[in-house]
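S.K.: I have a structure here, written as structure tokens, and I will follow up with some questions on it.
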Amino acid sequence: MTDLMVAVSGDEADTEEELRSLARWLHEDESLAGQLRGRVGAATPAPADHMGTGFDVLQLALGSTLSTAALVVSVLQWQLSRRRAPALVLSRGDVRVELTQEAARDEQTLRRVMEVLERAEGGTADDGSS
């Protein structure tokens, strides 16, 4: 299994609710059935003197037969279905890409995002800027 992290970019959204909504969407997507595990959690551990940092990242584990492209398409479909979807940051290893609703509508940008994330999976990623 390979991992992909999804975070909400910006402070204007209810981060935890948006991530839970996306997790439900991915769970119900028949094209991903049985090939994806996910959980909402904290991106970093809580400091020793705090109870927690909240839930701010969706951690996804992709099955070996699920392509990154299929997952990105499902994430973008969720984003486009929302009236006011937040920008999302997808990351794999050191590669991070931000997806806005505008980017989700641009075919060339989508291809670039998928290429960068798939290369990150194979260990030959570039800087991920889009």
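Derivation of every value follows stated rules applied to the coordinates shown; laboratory data play no part. Just so we're clear, the structure is a prediction, and the values are computed from it rather than from any experiment.
S.K.: Name the long-range amide H neighbours of Ala87: under 5 Å, sequence gap of 5 or more, or other chain; modelled H, no Pro or chain starts.
M.R.: Answer set, sorted by chain and number: Ser9.
S.K.: Then there's this: Taking 8 Å as the Cα distance limit and 6 or more residues as the minimum spacing, I'd like the relative contact order of the stretch 69-116 as a percentage.
M.R.: Numbers: 33 pairs, mean separation 14.4, N = 48.
After rounding, I find 30 percent.
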